[in-house]
Amino acid sequence: MSHDYAPSLNPAPARQHPPLRRRLPMPAYEPPPKYSEFLQRMLVRARESLGEEFRGITADGIVRPGLFPVRKTGVSLEPILRAARDFLATLDLRQQRRVSFNIQSDVWRSWSNVHPFLMRHGLGLHELTAAQREAALALVSSALSASGFETARNVMKLNEHARELTGLTEEYSEWYYWLSILGTPSAFEPWGWQFDGHHLIINCFILGDQLVLTPQFMGSEPVFAESGKYAGTQVFRAEEAVGLAMMRGLSPEQQAKAIIGTLLPGEVLTAAYNDNVRMPYEGIRYDDLSSKQQGVLRDLIGVYLHRLRPGHAKIRLEEAFDHLRDTHFSWIGAYDDRGPFYYRIYSPVVLIEFDHQPGIVYANDEPTRDHIHTVVRTPNGNDYGKDLLR
């Protein structure tokens with residue numbers, strides 16, 4: 001399977017959309033004079049989360065030890081190191097101080113997928129020159145595959161399309177994203193970076209030639225630009241289509257095992273400020289699938305893990321496939337051609353969630369396929385490379 005795996009998909013068809021949502025503007029680039037009740041609750045939850053000692057996502061509250069040894073992978077990460085140093089070289093001393101944080105900083109856990117300004121840190125791309133912005137994007141690109149970086153950039157472009165649709169220039173932009181460097185870029189000492197903004201968060205931790213690229217949150221509303229500067233841009237067609245193929249390929253008895261509820265959660269369960277979620281295994285196990293169904297599940301895992309740079313994507317897939325017997329697939333919602341749904345793939349070493357959301361740009365209070373959130377996590381304590389760092 002190619003590191004840029006994607007099934008053959010037709011462009012998203014044009015369809016009717018709900019009206020745009022009307023509400024008071026909430027700036028993305030600075031704290032507002034007053035937060036809404038929803039955002040106030042989110043800030044309280046954020047502070048509570050940061051006050052908890054990091055344990056990681058677990059099935060039962062107990063972290064399984066020994067899953068993430070410090071080791072040599074034999075796959076060089078020198079391109080990421082070089083890109084980080086090149087980016088830092090474009091900054092003046094004031095910018096270097098703003099972008100730099102201690103490797104143990106809580107900045108790692110202070111990301112947010114909402115578009116209003118909520119605990120942002122580092123340097124915003126909207127503040128940078130064109131050359132600095134290009135160097136920042138080169139750093140992000142260095143940790144991703146070609147298709148992974150294309151998805152990330154398309155999320156940013158669709159954030160610009162949201163600005164075109166709504167006219168809310170203070171809320172949406174291709175460049176309202178923040179980059180932070182944690183630790184000092186080094187071939188030997190631990191370091192990393194974080195890219196943080198609306199619908200796009202990538203945490204990149206490096207130790208020697210080991211790479212951890214979680215938590216990784218990617219989402220969009222809308223998921224397809226029918227007009228404007230980036231007309232034709234779309235995201236998550238493979239994530240949606242292969243997930244749907246997985247559910248449809250199950251027998252009725254297997255589908256009954258996979259289904260874990262009737263109401264979509266309204267948000268992926270391991271979004272911002274949910275680093276220590278206790279999440280029991282649910283759904284249908286890998287061993288309860290036919291060989292053909294197992295192949296589809298492996299392909300679906302690959303859709304997400306092949307967002308990583310070549311070489312390390314293979315390493316991450318091997319890690320996930322070593323735990324296939326403990327891998328569960330679960331589902332909530334419709335599996336027809338139009339209805340919204342949620343699915344989860346979960347093992348001791350990888351957690352993937354996909355969810356259709358209610359509208360923020362659009363004024364729909366029920367989930368539709370116009371708004372998608374996805375997240376990839378490393379359970380049992382190695383999000384942000386914490387277990388390797390420990």
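Considering only DSSP states other than H, G, I, E and B, which trypsin sites (Lys or Arg not before Pro) in the stretch 205-255 qualify as loop sites with at most 15 other Cβ atoms within 10 Å?
Passing both the DSSP loop test and the Cβ count: 229.
Let me cross-check residue 281: its accessible surface, 1.4 Å probe, with only protein heavy atoms counted, in Å² to the nearest 10?
80 Å²
According to a simple spin-label model (label point 7 Å from Cα along Cα-to-Cβ), what is the distance in nm between residue 43 and residue 278?
3.0 nm
Stick to the Cα atoms of the chain, pair each with every other, and give me the Kirkwood hydrodynamic radius in Å at one decimal.
21.3 Å
Would you mind checking the pairs 72/386; 257/292; 34/229 and listing those with alpha carbons more than 21 angstrom apart?
34/229
Using a 1.4 Å probe, how large is the accessible area of residue 166, given in Å² and rounded to the nearest 10?
Residue 166 exposes around 30 Å² with every protein chain in place.
The values are calculated or read from the model by the stated rules, or taken from the named source; none is laboratory data. Fair warning: this is a prediction, and the values are worked out from it, not measured in the lab. Every residue, glycine as well, gets a Cβ built from its backbone with ideal geometry; the counts of neighbours run over all protein chains shown. Side chains are part of the model used for accessible areas, which takes the heavy atoms of the whole protein and leaves out ligands, DNA and RNA. Shrake-Rupley method; radii C 1.70, N 1.55, O 1.52, S 1.80 Å.
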